[in-house]
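**Q** For reference, the structure I am asking about is given below.
The values are calculated or read from the model by the stated rules, or taken from the named source; none is laboratory data. This one's a predicted model, so the numbers in the text were calculated from it and none came from an experiment. Neighbour counts are summed over all protein chains in view; Cβ atoms, including those assigned to glycine, are modelled from backbone coordinates with ideal geometry. Please note that ligands, DNA and RNA were not included when accessible areas were found on the heavy atoms of the full protein model with its side chains. Shrake-Rupley method; radii C 1.70, N 1.55, O 1.52, S 1.80 Å.
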Amino acid sequence: MKTLNKINILLACLTIIVFTACKDEILREPSPVANPNSTNVFFRVSNVTSPILSIDQKSFKIIIGREKFEEDQTVSLSVETVHDSIFSVPQTVTFKAGQDSIAVDVVVDKMQLMKKYHVAIIVDPEQTNPYAAQKVYPKLELNVLKEDFSPYANGKYTSVFFGDTWDQNLEYSPSTKVYRLKDCWMPGYNVTFKWDEAVKPGEVNMIGTLTSAKDFIIVTTGYVDAKYGMVSAYYPTADKKYYNSATSTFTFKIKWIVSAGSFGVKNDTYLITKKL
């Protein structure tokens, strides 16, 4: 009986605790009220979020727009970055009456080559429209890269897989000793490799992802097959003699792979027509 009484007392206490907890109210601060006089200032969708700067470039531009542009207006900007000594952004931007967009210079200093730096630029919240569904935003996230690639040669690129031939520059980065075929098959998808003809004639070391069996280097092409999805180029590692100095030609024995399987081996070639 004593045990039963103890259980009843315990249950009663738990009921009181639960009932008391249910009565507690969760307090939250109200959301800030949108400024009714906001001109809805935003960053244009045309801004490049991953700008690539040349070795001598000291600044790049971003475009800021506004929805209401009848009057002169000065808007504050703020910056979020751990690289305060790298980026310099104006604290304000001034629009003239009738002006719906303005270009702003972001100045850079002491950037290391081939290293990405993150910076976010934010419009004064008072001049935004935070609760409206829209395709533009008052905050611009940037990943900035400075590189020293420059043209090394002119040439012709031929792809059996894509059934086409096109003009293609070969670029070289002295700081990394890397060669690049920029936007080779699709915009934003490069082919990069290391090649020292004087030390190891004909040998080319592709840069990409090594397969678990270490038999191929994988490079994503950027081409999406309508049925099978993204196509990747697999470069064999067993024989890296890709360059023929007698003909000034690279021959890439590529295996074209999708998630469902392989399209087989079809060669790509790059003929150097003129060294720069």
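**Q** Would a scan of segment 212-219 turn up a residue that is in contact (Cβ under 8 Å) with a residue 12 or more places away in the chain, at negative phi, loosely packed, with under 15 Cβ neighbours inside 10 Å and among the acidic types (Asp, Glu)? Step through it out loud before you land on a result.
**A** Here is the first cut: in segment 212-219, the residues in contact (Cβ under 8 Å) with a residue 12 or more places away in the chain are 214-219.
Pick out the ones that are also at negative phi and you get 215-219.
Checking the rest, the ones that are also loosely packed, with under 15 Cβ neighbours inside 10 Å come to 215.
If we keep only those that are among the acidic types (Asp, Glu) too, we end up with 215.
Yes, because at least one residue in segment 212-219 is in contact (Cβ under 8 Å) with a residue 12 or more places away in the chain, at negative phi, loosely packed, with under 15 Cβ neighbours inside 10 Å and among the acidic types (Asp, Glu).
**Q** To continue, here is another question. If I filter segment 95-110 down to residues being farther than 12 Å from GLN73 by Cα and not β-branched (Val, Ile, Thr), which single residue comes out as most open to solvent (accessible area, probe 1.4 Å)? Outline the logic, then answer.
**A** Initially, segment 95-110 is screened for residues farther than 12 Å from GLN73 by Cα, giving 103-110.
Subset that is not β-branched (Val, Ile, Thr): 103, 105, 109-110.
Working: ALA103: 54, ASP105: 68, ASP109: 77, LYS110: 160 Å².
Filtering first and then ranking leaves LYS110.
**Q** Looking at segment 139-155, which of its residues are open to solvent by less than 60 Å² (accessible area, probe 1.4 Å), under 21 Å from LEU276 (Cα atoms) and not hydrophobic (A, V, I, L, M, F, W, C)?
**A** Across segment 139-155, the qualifying residues are GLU147, ASP148, SER150, TYR152, ASN154, GLY155.
Results for (1) closer than 23 Å to TYR234 by Cβ; (2) free of Cβ contacts under 8 Å to residues at least 40 places away in the same chain, shown as yes or no for each residue.
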| position | (1), (2) |
| --- | --- |
| ASP164 | yes, yes |
| PRO174 | no, yes |
| LEU181 | yes, no |
| CYS184 | yes, yes |
| PRO187 | yes, yes |
| ASN190 | yes, yes |
| PRO201 | no, no |
| ASN205 | yes, yes |
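**Q** Which residue out of THR158, THR128, THR165, THR176 is exposed (fewer than 15 other Cβ atoms within 10 Å of the Cβ) and β-branched (Val, Ile, Thr)? Before the answer, list the steps.
**A** Numbers: THR158 fails: exposed (fewer than 15 other Cβ atoms within 10 Å of the Cβ); THR128 fails: exposed (fewer than 15 other Cβ atoms within 10 Å of the Cβ); THR176 fails: exposed (fewer than 15 other Cβ atoms within 10 Å of the Cβ).
Of the residues listed, the single one that is exposed (fewer than 15 other Cβ atoms within 10 Å of the Cβ) and β-branched (Val, Ile, Thr) is THR165.
**Q** Is it the case that segment 124-138 has a residue that's among the aromatic types (Phe, Trp, Tyr) and either within 30 Å of ARG66 (Cα to Cα) or within 22 Å of the chain's Cα centre (by Cα) (or both)? Full working, then the answer.
**A** Initially, segment 124-138 is screened for residues among the aromatic types (Phe, Trp, Tyr), giving 131, 137.
Next, from what is left, pick out any that are either within 30 Å of ARG66 (Cα to Cα) or within 22 Å of the chain's Cα centre (by Cα) (or both): 131, 137.
Yes, segment 124-138 has at least one match.
**Q** Still on this structure, please answer the following. Of all residues in segment 47-88, which are over 15 Å from ASP109 (Cβ atoms), under 20 Å from the mean Cα position of the chain (by Cα), open to solvent by less than 50 Å² (accessible area, probe 1.4 Å) and polar (S, T, N, Q)?
**A** ASN47
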